[in-house]
Amino acid sequence: MPERNTYKFLEDVDELRWFWTYAMRPLKPNEVYFISTSARNKRLNDAERGYFNVGRSEMWHREVITRDHYAHFLRGVRRCETNRLAYLTKGGMPYPDKVLVLYINIAPVNAYSAMTKQIDSLITTQRELVDSVLKNSRQGIEQAYRNIRHSHTTGQSVFARSFSDSEWVDIDSDIEGYDNEGGRKAIDGIKEFLYAELDKGNFMQIGTAGGLHWLIRKSKLSGVGRKYKADPISIIVQFMRSAFAPNGITVNEIIKNRNEMIPLPGTLQYGFHTVRVLNKDDFTEDLRLHDWPDYVEYQPSP
């Protein structure tokens, strides 16, 4: 089978549509959505790492989606599926499928805050150039011009870190060996605990290639904190650990995900795993954050 000439991320458009409708809250006037493509070398063997020369984690493309409309969101994902020669590894090769992940920031980006940070960064770069000229520092001048040439990518990095208010808090459970009776028992126990503490429709269980992400509706956490007189996320994490441990599941890590990035449901992770929300049946129409989109993507004639 010949190799595709474009990168592939979107595998299940209906899953993406569902996630947009129930997980992505509408944008405020000062906000945008942010997605990014990443290469992670964890699934490469030593020979492949030497051949492709891919780092531990490399973010190689970013998309800022400025309009609160599913069609524009979908097109943002499609823009990540560019020609494979557009982005190459340090070894000069297209990224292999087994390293690819498409991430979404679960919190919208505060574009106004990002703009002010970018202005500060540009002023700093301008000062560095002037100072280097006054000092006749050839190395400083060259570095300042390099920063100027790359100022657009600096701006994208600033956007990636300028979180606005989020609908969700993410708990990342990096676990192994849970696709069995013990694992299902543990996960059912966790879900029953979350149903009791949060009610149905207030958490999303997302299956990834490395475990589970649990998106917890932030507005429901204060009640848990008052009940247990402790940090609510710590209470949930402790319960997850206690559920997995006696069922023979390898727990590498269960933590609050502070970078607020998750693999985007509906997309392929490492070329083989379709990221999905596993408890969609918990969500009723009244919990939609967007109206169900009726947009149909253009399909070229064969």
Contacts under 6 angstrom Cβ, first residue in the range 27-56 being farther than 30 Å from ALA71 by Cα and touching a residue at least 24 places away in the same chain (Cβ under 8 Å), partner in a loop (DSSP other than H, G, I, E, B) and of a type in the set (A, V, I, L, M, F, W, C), 6 or more apart: ASN41/VAL54; PHE52/MET93
Selection count, the range 246-273, where residues are open to solvent by 30 Å² or more (accessible area, probe 1.4 Å) and not hydrophobic (A, V, I, L, M, F, W, C): 12
Scope the range 34-56; condition over 13 Å from the mean Cα position of the chain (by Cα) and hydrophobic (A, V, I, L, M, F, W, C); matching residues: LEU44, ALA47, PHE52, VAL54
Leading residue by the ranking (farthest from the chain's Cα centre (by Cα)) among those in the range 57-103 that are aromatic (Phe, Trp, Tyr) and in a helix (DSSP H, G or I): TYR70
Hits in the range 1-43 (condition: open to solvent by less than 30 Å² (accessible area, probe 1.4 Å), over 30 Å from THR284 (Cβ atoms) and either touching a helix residue (DSSP H, G or I) at 6+ places or on another chain (Cβ under 6 Å) or among the aromatic types (Phe, Trp, Tyr) (or both)): TYR7, ALA39, ASN41
Residue satisfying condition, being polar (S, T, N, Q), under 30 Å from SER113 (Cα atoms) and not in a helix (DSSP H, G or I), within set SER219, SER166, SER173, SER234: SER166
Members of the range 145-176 that are at pLDDT below 90 and either touching a Gly at 6+ places or on another chain (Cβ under 9 Å) or on the phi > 0 side of the Ramachandran plot (or both): none
Some residue of the range 44-54 being in a helix (DSSP H, G or I), buried (at least 17 other Cβ atoms within 10 Å of the Cβ) and touching a Phe, Trp or Tyr at 6+ places or on another chain (Cβ under 6 Å): no
Failed item in (1) open to solvent by 50 Å² or more (accessible area, probe 1.4 Å); (2) of a type in the set (Lys, Arg); (3) in contact (Cβ under 8 Å) with a residue 12 or more places away in the chain, with ARG217 passing the rest: (1)
Close pairs from the range 230-250: first under 12 Å from ALA186 (Cα atoms) and touching a residue at least 60 places away in the same chain (Cβ under 8 Å), partner open to solvent by 70 Å² or more (accessible area, probe 1.4 Å) and of a type outside the set (Asp, Glu), Cβ under 8 Å, at least 6 apart: ASN247/LYS185
Filtered residues of the range 25-71 (kept if touching a Leu at 6+ places or on another chain (Cβ under 8 Å) and either closer than 16 Å to TYR87 by Cα or acidic (Asp, Glu) (or both)): SER36, THR37, SER38, ALA39, PHE52, VAL54, ASP68
Residues of the range 280-302 satisfying the condition of being part of a loop (DSSP other than H, G, I, E, B) and buried (at least 17 other Cβ atoms within 10 Å of the Cβ): PHE283, HIS290
Residue satisfying condition, being surrounded by 17 or more Cβ atoms within 10 Å (Cβ to Cβ) and of a type in the set (A, V, I, L, M, F, W, C), within set ALA196, ALA243: ALA243
Identity of the residue in the range 135-163, part of a helix (DSSP H, G or I) and of a type in the set (Lys, Arg), that ends up surrounded by the most Cβ atoms within 10 Å (Cβ to Cβ): ARG161
Yes/no for VAL109 being open to solvent by less than 20 Å² (accessible area, probe 1.4 Å), under 23 Å from the mean Cα position of the chain (by Cα), over 30 Å from PRO26 (Cα atoms) and among the aliphatic types (A, V, I, L, M): no
Matching residues in the range 26-59 - criterion: being under 18 Å from PRO263 (Cα atoms) and among the hydroxyl-bearing types (Ser, Thr, Tyr): TYR33, SER36, THR37, SER38, SER57
Criterion: within 24 Å of ARG161 (Cβ to Cβ) and modelled with pLDDT under 95 - qualifying residue of ARG79, ARG4, ARG40: ARG40
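The values are calculated or read from the model by the stated rules, or taken from the named source; none is laboratory data. Quantities reported herein were computed from a predicted structural model and do not represent experimental measurements. For neighbour counting, all protein chains shown are included, and Cβ atoms are generated from backbone atoms with ideal geometry for every residue, glycine included. The area values use the complete protein model at the heavy-atom level, side chains included, leaving out ligands, DNA and RNA. Shrake-Rupley method; radii C 1.70, N 1.55, O 1.52, S 1.80 Å.
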